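Trainee: The structure that follows is given in the form of structure tokens.
The values are calculated or read from the model by the stated rules, or taken from the named source; none is laboratory data. Since we're looking at a predicted model, the values are computed, not measured. All Cβ positions, even for glycine, are placed from backbone atoms using ideal geometry, and neighbour counts span all protein chains on display.
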Amino acid sequence: MASSSFRPSVSDSEIGYGSASLQSHRRETRKPLEVESVPSPNSREVGGVSEEGGVYLTWENLWVTVSNGKGGSRSILQDLTGYARPGEVLAIMGPSGCGKSTLLDALAGRLEANQSGSILVNGRKQTLAYGTSAYVTQDDTLLTTLTVGEAVYYSAQLQLPDSMSKQEKKERADMTIKEMGLQDSINTRIGGWGVKGISGGQKRRVSICVEILTHPKLLFLDEPTSGLDSAASYYVMSRIVGPDFRHGRTIITSIHQPSSEVFALFDNLCLLSSGRTVYFGPARAANEFFSRNGFPCPTLQNPSDHFLKTINKDFEEDIEQGLGGKKPKEEVIDILITAYKSSGSWQQVQAQVTEICKQEGDQALQKSRDHASFVNQCLILTKRSYVNMSRDLGYYWMRLGVYIMVSFALGTIFYDLGFSNSSIQVRDS
């Protein structure tokens with residue numbers, strides 16, 4: 001139940017990685033300054049998400065600052081501008097500490113730090129209602145004793161309104177499980193430390209299932225491939241970017257170091273370094289941008305690895321710039337940021353943000369969706385807690401045994417002391 005509210009105070013050469021079938025789902029890279037007009041909504045529904053009322057998200061001149069503990073402040077995000085559109089996947093990428101999760105939290109309205117700039121939903125400052133957006137955190141918070149089907153079904157009972165019957169909620173849960181390719185594991189326990197269960201990639205997909213039960217139009221994912229091997233990462237991301245899943249959804253994900261196959265799945269790329277934008281635009285055009293500025297990706301190397309190596313200033317290593325010799329990392333980053341600010345990609349971003357803000361946005365997003373009543377939530381949580389306790393022998397039953405032993409020990413100490421004066425003195429001693 002990760003619905004969040006917004007508080008705005010605030011040519012192209014393909015990389016050639018990934019399968020041809022997945023490349024067919026990708027959009028053609030747009031030429032600089034070509035602005036895609038925002039389509040008028042229609043009522044077609046695919047994968048449970050209606051294209052009508054899709055969420056167009058824009059942010060301009062976004063700054064986020066935090067206190068440095070010495071009476072001053074430092075900037076985490078600096079003057080960021082960008083957009084996200086329905087039916088597309090925006091990847092926020094960069095080295096550790098560059099501000100990926102901070103940007104994601106700011107866009108989702110989860111940030112408590114000082115921020116300035118504007119974050120607009122469909123060109124308006126408005127609040128996303130419950131069920132309209134969802135946020136999948138980096139860590140999976142699932143009950144290890146439940147099966148995949150139980151975890152999703154209990155969440156469906158809690159999140160979906162009482163106007164839906166139990167059968168309808170069960171069908172919604174089953175459809176969501178099938179959508180993420182978990183039908184073969186529906187009766188398998190999730191598992192955890194010392195308990196055999198599903199794999200890490202499957203756990204991540206269960207977490208996504210729990211969040212998309214309400215059919216959110218805006219989905220945030222914080223490093224969904226963290227801790228997964230390349231094969232599991234690809235399977236998770238391929239499910240997310242599948243045409244049926246993302247149709248009508250606006251998907252924004254932060255990701256650290258994707259494989260070449262995963263990178264080929266993204267529509268747009270926001271590349272950050274120390275809180276500043278190095279590149280924003282079509283993912284397939286990023287390679288050309290680096291090449292044009294003297295930092296081409298070596299043959300047969302993962303583009304994302306090359307990008308991160310070039311803009312990561314945590315390690316003192318000079319970077320080769322064409323025939324101009326090696327340059328320090330700080331200078332390389334400044335060159336790329338300056339080049340981006342003067343490029344057609346930057347002008348296209350500004351033009352696209354302006355175009356989106358001109359549209360008549362959908363205000364229906366403010367209409368809150370119903371969920372289970374308080375009484376029903378209490379009953380469902382009590383039942384779920386009972387199931388969890390009855391299965392967790394290593395924790396709850398051990399505690400019960402300890403309580404029985406302590407009760408027996410205290411009971412034998414004070415057993416049959418009597419009610420005489422001497423007995424009272426014994427009790428006081």
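Trainee: Are there helices (runs of 4 or more DSSP H) fully within region 244-353 with at least 2 residues that are in contact with a Leu (Cβ under 8 Å, 6 or more places away or on another chain) and surrounded by 19 or more Cβ atoms within 10 Å (Cβ to Cβ)? List them.
Mentor: Qualifying helices (runs of 4 or more DSSP H): 286-292, 303-311.
Trainee: Next up: Could you list all residues from region 191-211 that are crowded, with 18+ Cβ neighbours inside 10 Å, β-branched (V, I, T) and out of contact with any helix residue (DSSP H, G or I) (no Cβ under 6 Å at 6 or more places or on another chain)?
Mentor: I208
Trainee: In this structure, does G123 turn out to be buried (at least 21 other Cβ atoms within 10 Å of the Cβ) and within 18 Å of G82 (Cα to Cα)?
Mentor: No.
Trainee: Do we have any residue at all in region 228-250 that's modelled with pLDDT under 90 and under 24 Å from T382 (Cβ atoms)?
Mentor: Scanning region 228-250, I find no residue that is modelled with pLDDT under 90 and under 24 Å from T382 (Cβ atoms), so the answer is no.
Trainee: Can you pull out every residue in region 378-429 that is touching a helix residue (DSSP H, G or I) at 6+ places or on another chain (Cβ under 6 Å) and closer than 26 Å to Q157 by Cβ?
Mentor: Matches in region 378-429: I380, R384, M389, Y396.
Trainee: Okay, next question. Considering only residues that are of a type outside the set (A, V, I, L, M, F, W, C), in a strand (DSSP E or B) and surrounded by 22 or more Cβ atoms within 10 Å (Cβ to Cβ), which ones fall in region 53-89?
Mentor: T58, G82, Y83
Trainee: Inspect all residues belonging to region 226-236 and state whether any of them is over 19 Å from G181 (Cα atoms), among the small types (G, A, S), crowded, with 24+ Cβ neighbours inside 10 Å and within 14 Å of the chain's Cα centre (by Cα).
Mentor: Within region 226-236, none of the residues are over 19 Å from G181 (Cα atoms), among the small types (G, A, S), crowded, with 24+ Cβ neighbours inside 10 Å and within 14 Å of the chain's Cα centre (by Cα).
Trainee: A further question follows. Suppose we keep only residues that are at pLDDT 90 or above and assigned to a loop (DSSP other than H, G, I, E, B) within region 164-185. Which one would you say is nearest to V206 (Cα to Cα)?
Mentor: Per the criteria, the residue is L182.
Trainee: State all residues of region 80-98 that are of a type in the set (A, V, I, L, M, F, W, C) and more than 16 Å from the chain's Cα centre (by Cα); if no residue qualifies, say none.
Mentor: Matches in region 80-98: L80, C98.
Trainee: Only one of these is within 17 Å of V353 (Cα to Cα) and more than 18 Å from the chain's Cα centre (by Cα): L120, L77. Name it.
Mentor: Going through L120, L77 in turn, the sole match is L120.
Residue-wise test of (1) of a type outside the set (G, A, S); (2) within 22 Å of A232 (Cα to Cα).
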position	(1), (2)
A156	no, no
P161	yes, no
T188	yes, yes
K217	yes, no
